[in-house]
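Reading through the structure tokens given below for one structure.
The values are calculated or read from the model by the stated rules, or taken from the named source; none is laboratory data. It should be emphasised that the depicted structure is a prediction, and the values quoted were computed from it without experimental measurement. So basically every Cβ, Gly included, is an ideal-geometry build from the backbone, and we count neighbours across all protein chains shown. Just the protein is used for accessible areas: all its heavy atoms, side chains included, with ligands, DNA and RNA removed. Shrake-Rupley method; radii C 1.70, N 1.55, O 1.52, S 1.80 Å.
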Amino acid sequence: MMQTDVLIIGSGIAGLAFAIKLAERKPKTDIVLVTKADRFESNTKYAQGGIAAVMDNIHSSFESHISDTLKAGKGFSNIQTVRMVVEKAPKRLQELIAWGTPFDKTSDGKWDYGLEGGHSVARILHHKDQTGLALEKALLQQLSRFKNIQFQTEVFATDLLVQNKRCYGAQFLDKNEQSFSIQSNITYLATGGSGQVFSKTTNPLIATGDGLAMASRAGAVVEHMAFYQFHPTALVTSKNPVFLITEALRGFGAYLINHKGERFVFKHHPEGELATRDILSEAIFKEMQKTGHDHVWLDCRHLDREALRSHFPNIILQCKKHGFNLFNEPIPVAPAAHYQCGGIKVNREGKTTLHGLYANGECASTGLHGANRLASNSLLEAVVFAHEAALSVASELKQNKTTAGFSGRTGSVSKNPVTTTVKTAHLKKALQELMYRFYLNKSLEMPLKPFGAEIDSLFSEIKKLSVYHKSSQSIWELQNMAETARLIINDTLYE
Ligand SMILES: Cc1cc2nc3c(=O)[nH]c(=O)nc-3n(C[C@H](O)[C@H](O)[C@H](O)COP(=O)(O)OP(=O)(O)OC[C@H]3O[C@@H](n4cnc5c(N)ncnc54)[C@H](O)[C@@H]3O)c2cc1C
């Protein structure tokens, strides 16, 4: 069993930014940072459009960013949280720049602001169409400066160690699927989202809702799970995850068209292609149902080729890899699961309802997004809350120097020889398809009640499997996905 002052689970933007912030303030504090994948793999790595912030009062204002965020959130956002995030954004962005994030500038040296759906003005800083990758690189580079951070890859957190509503660390499987525990004064969950719960998602394979499910099993309050955001324009391919076509391309002037070449979205909303994601996803699902096609198209043929090449090189490349030339033909797109707006409830310092447990990033619910996240507000949320949590943890550690003792069983398991790969794959597919149908029915305003019984039955089948296979990462992930799915369905049906 290992002991540390602070345990961070997750190496996306929420985990890395917090580790750096805390290590800067507390160079003598032992920090262990773990990820179940390699150093880079995360939702963060795939972020395209960028990060929203008011960097000057000429282009935008705090009030307009606040108002756009609240409008997207449909009355479910917390106004104080929205104000805090928006007003603290410029300072946090300046830090990201100082840490080496290469946000694009125009030829006259000004920020090259992008525009995305739901934003009344262009206010998105980006690095071409691969902002997330640029951020991960810069943050990992900064992280390497600190001797007091121990970074472990391919370590999978299974459960939190919790006694009397206090968290004392977590239980893990190493890459040989052997169990061990890390005890800590502070545990910080930055485990990201859960898009893999659906059969079509933009999220990578790691996004299985692990942190959310762990926190929920441990008794932490989880909220707003009904609010799952679908992104309207994912490239239609036979694979999951699907490749995202950033909204910035619509901000740049691309049209959504149906099989007759008609721009149909104005029938649903006066802002057309720049309406928020929930409105566009619903409009596309309805158009697909009406026309009998399983997708619509995104048309870039009228846009300036040189400008497209310079702003969206990766999208052009990825479309080409899938056999589409976006200069000459409309490309097939359909909505896909993209972002978990709800999550583990935290206060404005990132504290959950369990002592010693913090959460940040996509696994957390801060009150910023409400029912629907405004584009490019999630990377921002993660850096702002990383800062707030680092201040809070630094002061907690000052008051409480010793590692708190956990007297419960940490449970060690050995490898189970029974192969269950086929069964796991079958149940995973059934779960993902059930959840996609659920979301489709919701968008088309069709009955949802039968999904309650369906998910309960699938959940108990998965639970049976997981009881006997505590040493298998893939079964833990499946169980976490099933728990997340149940939280989404129950929150939709019964709240
Ligand atoms: C294709 C795509 C494009 C996007 N574009 C944008 C954009 O332009 N702007 C924007 O603001 N947002 C965007 N988003 C959303 C944004 O990228 C994410 O919400 C954000 O990066 C989440 O950061 P995070 O640190 O919370 O989680 P992640 O970046 O997902 O990191 C999660 C980390 O936790 C680790 N982990 C998970 N479970 C375990 C476990 N059990 N044990 C150990 N480690 C674990 C993972 O390995 C990973 O290191 C996009 C998302 C996608 C998928």
Report task. May I ask you to list the trypsin sites (Lys or Arg not before Pro) in the stretch 426-495 that are in a DSSP loop and have at most 14 other Cβ atoms within 10 Å of their Cβ? Result -> none
Query raised in the report: Given Cα pairs under 8 Å that are at least 6 residues apart, what percent is the relative contact order of the stretch 233-335?
Result: 34 percent
Report summary line: One computes Rg over Rh for the stretch 233-335 from alpha-carbon atoms, with the Kirkwood Rh, and obtains 0.94
Query raised in the report: How much accessible area per residue does the chain have, in Å², with a 1.4 Å probe?
Result: 40 Å²
**Report entry** Share antiparallel - DSSP beta bridges, the chain, percent rounded to 5
**Finding:** 60 percent
Query raised in the report: Once a ≥ b ≥ c are taken as the square roots of the eigenvalues of the Cα gyration tensor of the stretch 61-156, is the result rounded (a/c under 1.5), prolate (a/b larger than b/c) or oblate (a/b not larger than b/c)?
Result: oblate
Report summary line: Karplus ³J(HN,Hα) for the stretch 483-493 (6.51 cos²θ - 1.76 cosθ + 1.60, θ = phi - 60°; Hz, whole; x = Gly/Pro) runs 5, 5, 4, 5, 5, 5, 5, 5, 5, 6, 7
Query raised in the report: Which cross-chain or sequence-distant (5 or more) residues have an amide H under 5 Å from the amide H of Ala234, H modelled 1.01 Å from N in plane?
Result: Ile245, Ala334, Ala336
Query raised in the report: What percent does the relative contact order of the chain come to when contacts are Cα pairs within less than 8 Å and at least six residues apart?
Result: 23 percent
Report task. Identify, among Phe324, His469, Gln142, the residue whose Cα sits farthest towards the positive end of the charge dipole of the chain, taking +1 on the Cβ of Lys and Arg and -1 on the Cβ of Asp and Glu, with the dipole about the Cα centre. Result -> His469
Report summary line: Karplus-derived 3J(HN,Hα) from phi for the stretch 273-287 (6.51 cos²θ - 1.76 cosθ + 1.60, θ = phi - 60°), whole Hz, x at Gly and Pro, runs 4, 9, 5, 5, 4, 4, 5, 5, 4, 4, 4, 5, 4, 5, 5
Query raised in the report: Do any trypsin sites (Lys or Arg not before Pro) in the stretch 13-57 lie in a loop, going by DSSP, with at most 11 other beta-carbon atoms within 10 Å of their beta carbon, and if so which?
Result: Lys28
Query raised in the report: Compactness ratio of the stretch 421-494: Cα Rg over 2.2 N^0.38 Å, N = residue count?
Result: 1.12
Requested in this report: Run the accessible area of the stretch 421-494 with a 1.4 Å probe and give the carbon-and-sulfur part as a rounded percent.
Outcome: 59 percent
Query raised in the report: From the phi of every residue in the stretch 186-200, what ³J(HN,Hα) in whole Hz does the Karplus formula 6.51 cos²θ - 1.76 cosθ + 1.60 yield, where θ is phi - 60° and glycine or proline is x?
Result: 10, 10, 10, 8, 9, 8, x, x, 9, x, 5, 5, 9, 6, 10
Report summary line: Counting only residues 5 or more apart in sequence or on a different chain, those whose built amide H sits under 5 Å from that of Phe151 are Leu33
Requested in this report: Run down the aspartates and glutamates and flag those whose C-alpha is under 17 Å from the C-alpha of Lys267, throwing out any fewer than 8 positions away in its chain.
Outcome: Asp278, Glu282, Glu287
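Per-residue ellipticity at 222 nm for the chain, helices alone: DSSP H runs ≥ 4 residues times -39500 (n - 2.57), over residue total, nearest 500 deg cm²/dmol?
-12500 deg cm²/dmol
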Requested in this report: Using only alpha carbons, build the gyration tensor for the chain and give me the equivalent ellipsoid semi-axes, biggest first, whole Å.
Outcome: 35, 28, 20
Requested in this report: Distance check, please: which entries in Lys36/Lys200; Lys74/Lys290; Lys105/Lys128; Lys345/Lys449; Lys260/Lys290; Lys88/Lys398 exceed 18 angstrom between their Cα atoms?
Outcome: Lys36/Lys200; Lys74/Lys290; Lys345/Lys449; Lys88/Lys398
